[in-house]
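Chemist: Sharing a structure with you now.
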Amino acid sequence: MKIASFNINGIKARLPRLLEWLDETQPDVACLQEIKTQDDGFPAADFEAIGYHAIWHGQKSFNGVAILARGQAPVEMQRGLPEMKWPGDAADEQARYLEAEVQGIRICNLYLPNGNPQPGPKFDYKLAWMQRLRERCAAHLAAEIPAVVLGDFNVIPTDQDVWSAKAMADDALMQPQSRDGYARLLNDGWTDAIATLNPRGGVWTYWDYQAGAWQRDHGFRIDHLLLSPACADRLVAAGVDKAHRGREKASDHAPVWVKLRG
DNA sequence: ATGACTGACGGGGTCAGA
């Protein structure tokens, strides 16, 4: 079973590239982030035409996530991160989280807030969002639900995951608080599929459009696939479809994927 | 280096991204 994640940076601008990628790589499940459209603008018919059923959670102009499954309908389990235990917390108004069941695996698709500039309210929102995500994920671990938590985490986990830690030192993506939030997820029992298979780092999933970042290979790793223990036992391969970042009209992210036995 | 490039909205510039 192949499960993929792709921050497409606008589904309207990216649709031909997206259909091409699905056709070439044939993931069983494809999670999308930054669809940047309201629900009624989602091109479901284009995916149905090539055999993919979809659910989606959009909003005007920004954010937005979707889950596609080949030959079957994803069964929606959660739309938006739910309200949590602490006082004053409320369900998210931004379209950043969608969860479904596909072939007995819980698929948790997320677009974590960027958090720049830091410090500031956007960074605070990012850290609070990470805390809520951790609680949602911990509940799945406690219930022993086979799960994959994947998407654009907007976190560079270590200095080995960025072309230049010095150049990015002040960025919200690699502040200690952001990294701690990610490390806490891993400590709870989630396995970072790409890191596990590439322990020396140097794997990028994002290259900025600016300053010739792609041509210079100035990238970093912020798109992640986290596996519950039962799914980690089934891990056979994981990777980045790097070549797709170099095509015409590409997203600034490359797709990432994991293959599970069975 | 207050830089760069891209998309959405809207029909021009502004905001957001990472």
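A short reminder: the numbers here are calculations on the coordinates, not readings from a lab. Since the model is a prediction, treat every value here as computed from it, not as a measurement. When we count neighbours, we look across all protein chains shown, and the Cβ atoms used for this are built from the backbone with ideal geometry, even at glycine.
Chemist: For A:P82, which of the numbered conditions (1) out of contact with any His (no Cβ under 8 Å at 6 or more places or on another chain); (2) crowded, with 17+ Cβ neighbours inside 10 Å fails to hold?
Modeler: Unmet condition: (2).
Chemist: Can you pull out every residue in region A:10-46 that is under 21 Å from A:A238 (Cα atoms) and of a type in the set (D, E, K, R)?
Modeler: A:E20, A:D23, A:E24, A:D28, listed by residue number.
Chemist: For region A:194-216, give me each residue that is surrounded by fewer than 12 Cβ atoms within 10 Å (Cβ to Cβ) and within 20 Å of A:A250 (Cβ to Cβ).
Modeler: Result: A:Y209, A:Q210, A:A211, A:G212, A:Q215, A:R216.
Chemist: Sort through A:L110, A:L98 and tell me the only one that's part of a strand (DSSP E or B), within 14 Å of DNA strand B (Cβ to nearest atom) and surrounded by 15 or more Cβ atoms within 10 Å (Cβ to Cβ).
Modeler: A:L110
Chemist: For region A:67-75, state whether one or more residues are within 16 Å of DNA strand B (Cβ to nearest atom) and not basic (K, R).
Modeler: No, there is no match, as no residue in region A:67-75 is within 16 Å of DNA strand B (Cβ to nearest atom) and not basic (K, R).
Chemist: For residues that are closer than 20 Å to A:D217 by Cα and surrounded by fewer than 19 Cβ atoms within 10 Å (Cβ to Cβ), tally how many sit in region A:228-249.
Modeler: Taking region A:228-249 and keeping what is closer than 20 Å to A:D217 by Cα, we get A:239-249.
From what is left, the residues that are surrounded by fewer than 19 Cβ atoms within 10 Å (Cβ to Cβ) are A:239, A:241-243, A:246-249.
Going through region A:228-249 one residue at a time, the tally reaches 8.
Chemist: Taking region A:1-28 as the region of interest, how many residues are loosely packed, with under 14 Cβ neighbours inside 10 Å, away from DNA strand B (no atom under 12 Å from the Cβ) and of a type in the set (K, R)?
Modeler: Number of matching residues: 0.
Chemist: Continuing with this model, one more query. So which residues in region A:168-191 are without any contact (Cβ under 8 Å) to a residue 24 or more places away in the chain and among the small types (G, A, S), if there are any at all?
Modeler: A:A169
Chemist: Scanning region A:134-181 for residues that are within 15 Å of the chain's Cα centre (by Cα) and in a helix (DSSP H, G or I), which turns out nearest to DNA strand B (Cβ to nearest atom)?
Modeler: A:L173
Chemist: Here's something else I'd like to know. For region A:238-253, name all the residues that are within 14 Å of DNA strand B (Cβ to nearest atom), under 17 Å from the mean Cα position of the chain (by Cα) and basic (K, R).
Modeler: The one that is within 14 Å of DNA strand B (Cβ to nearest atom), under 17 Å from the mean Cα position of the chain (by Cα) and basic (K, R): A:R245.
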